[in-house]
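K.L.:
This structure is in structure tokens; I'll ask about it shortly.
Values quoted throughout were computed directly from the atomic coordinates according to the rules given, and no laboratory measurement underlies them. What you see is a predicted model; the values in this text were computed from it and never measured. Using ideal geometry, Cβ is built from the backbone for each residue, glycine included, and neighbour counts are taken over all protein chains shown.
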Ligand SMILES: Nc1ncnc2c1ncn2[C@@H]1O[C@H](COP(=O)(O)OP(=O)(O)OP(=O)(O)O)[C@@H](O)[C@H]1O
Ligand SMILES: [Mg+2]
């Protein structure tokens, strides 16, 4: 103690004792029980195992054991494996740019050994040495010191058992949460390894009881089985560009959450927390789900090793990318394509029920709820067929050319029935019968979506304003104008400098005239977001202002016309993401009133 006091008072620099520095280094890699789970599973996966078992006891503080049937280790490798900087995975610094394994530092086993009682049994076999001839060995280490290394009985593969974690680091033990909270983190880690490795057979045992079994399966089945999600409501897709391959498993937009826990990004089979990539997925979903809700989406990126550097975080939770914008772009595109491909509006009509395009002449203008200026009347007929072509066209015979999803609750029925308008409810909902379902349609949301599609599909032609809109001089105005110049130009908005040295908007496209000046300026200049987001925001404002309102009585012809058009929508949600309708099937209605038979039965 006096030595230490002397050291502290004199503040001389000295080299840390080996056992102290080892503990510090170990603490960076292994801070909680789940870190042991992560590292041992990584090693098992790297060993080429097909089958892996994980045992967790006492939240991981009691014991953690991982059994694999991988390539195993010889006596010499086993001896080295618990040394620091001992790895079979890289040799030179340049190899860091070619890593295809999960491990590469040669730190994990040494770190675990430094803060626990560790036992490893291993026998080479699965690859390399003939299984029959190689012997198994057992290594025991404690607080970083190897106590024994002897031949033993054992199957090809490796068993790593960790007991009494942090027994020699009482301070660290104090910072842990309850065993059940630590156990939950161990399970989460297991799942984060299971999702990107659907080809493996995995078992998780908690307190000796089998708690999860995952057979080899395809990616969608793996994601939904591991997380107990309804598989039939998930869709998958693969896209490839340049150095990236992206596999997606995405839930219907109705399946939202209030947090991002089920919006997961994996890069080269590791879960990472990269905001830009999460944001890309959210952006693609933004027209489909309401604000404040998050999609269930699982993104698996395979990047060429040179594209991404994982050597930036001790737990490899972060990565650095060579070309993040390209990947961002690819994600937005492929998630959007998936949502469109499967026509993921709410309660999509049964397959084969793709409605026929509307007749060439537009009845919209007659219906009275479409803007009545001559310009609009001229534009509407041209816009309608174009919009209808967005719906995957069903070739004659009813077989859709794009993959169509059959809802489990809505088997493909006969030919689609024309919607029948029944009446208005609460001056907001339109009641519609179509096929075997009752649809409760939100008139404002429905009209808003139709107008939004129409507005965005037409050219934005600048029209001179009689009275220019003055832009109030305020700090940041010039920068805002400069940053948004491409958007302003695209939307046909002309800005000029005024005589007194300020700025004014001198021309606007007709589509935006419905928005109040201040709201428009606010949206164009001061809202935050990418130019695409701002554009969508401005156009949805315009649609909102023009659409029929809550409380507005609709005459029958207008309502019928509105209803007829919404079933053609590729995305039956309002531009802010709310569903346009709520569907109640005949079965459900019968069930609700306690009837079991079909219509006509007593
Ligand atoms: N389950 C296993 N089966 C076969 N070999 C293993 C297993 N676990 C570890 N090894 C061998 O021991 C070495 C050291 O493992 P360790 O986890 O400490 O380092 P690493 O995986 O190379 O890198 P990292 O520290 O990034 O995990 C590995 O490189 C591998 O050769
Ligand atoms: Mg490792």
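K.L.:
Would you order 218, 442 from fewest to most other beta-carbon atoms within 10 Å of each residue's own beta-carbon?
P.N.:
Placing the least packed residue first, the sequence is 218, 442.
K.L.:
Continuing with this model, one more query. Could you put 327, 229 in order, starting from the residue whose Cβ has the fewest other Cβ atoms within 10 Å?
P.N.:
Fewest-to-most ranking of 327, 229: 229, 327.
K.L.:
Could you tell me whether the stretch 471-602 comes out rounded, prolate or oblate from its Cα gyration tensor? Rule is a ≥ b ≥ c as square roots of the eigenvalues, rounded for a/c under 1.5, then prolate if a/b exceeds b/c, otherwise oblate.
P.N.:
Prolate shape, in that a/c is at least 1.5 and a/b is the bigger ratio.
K.L.:
How would you rank 193, 23, going from fewest to most other Cβ atoms within 10 Å of each one's own Cβ? Walk me through the intermediate numbers first.
P.N.:
Numbers: 193 24, 23 19.
By the 10 Å Cβ count, ascending, the order reads 23, 193.
K.L.:
Here's a follow-up. Out of all DSSP beta bridges with both ends in the stretch 250-321, state the antiparallel percent to the nearest 5.
P.N.:
So the antiparallel bridges in the stretch 250-321 amount to around 60 percent.
K.L.:
Let me ask something else. So what is the relative contact order for the stretch 490-559, in percent, with contacts set as C-alpha pairs under 8 Å and at least six apart?
P.N.:
23 percent
K.L.:
Checking the a/c ratio against 1.5 first, then a/b against b/c, what shape does the Cα gyration tensor give for the stretch 127-221?
P.N.:
It is oblate, given that a/c is not under 1.5 and a/b is not larger than b/c.
K.L.:
What percent do you get for the relative contact order of the stretch 157-290 when only Cα pairs under 8 Å and 6+ apart count?
P.N.:
14 percent
K.L.:
At R0 = 41 Å, how high is the FRET efficiency between residue 14 and residue 188 if r is their beta carbon distance? Nearest 0.05 is fine. Walk me through the numbers on the way to the answer.
P.N.:
Details: r = 41 Å, r/R0 = 0.99.
Taking R0 as 41 Å, the efficiency between residue 14 and residue 188 is 0.50.
K.L.:
Classify the stretch 437-524 as rounded, prolate or oblate from the Cα gyration tensor: take a ≥ b ≥ c as the square roots of its eigenvalues, call it rounded if a/c is under 1.5, otherwise prolate when a/b beats b/c and oblate if not. Don't skip to the end; give the middle numbers.
P.N.:
On the way: a/c = 2.65, a/b = 2.32, b/c = 1.14.
Prolate.
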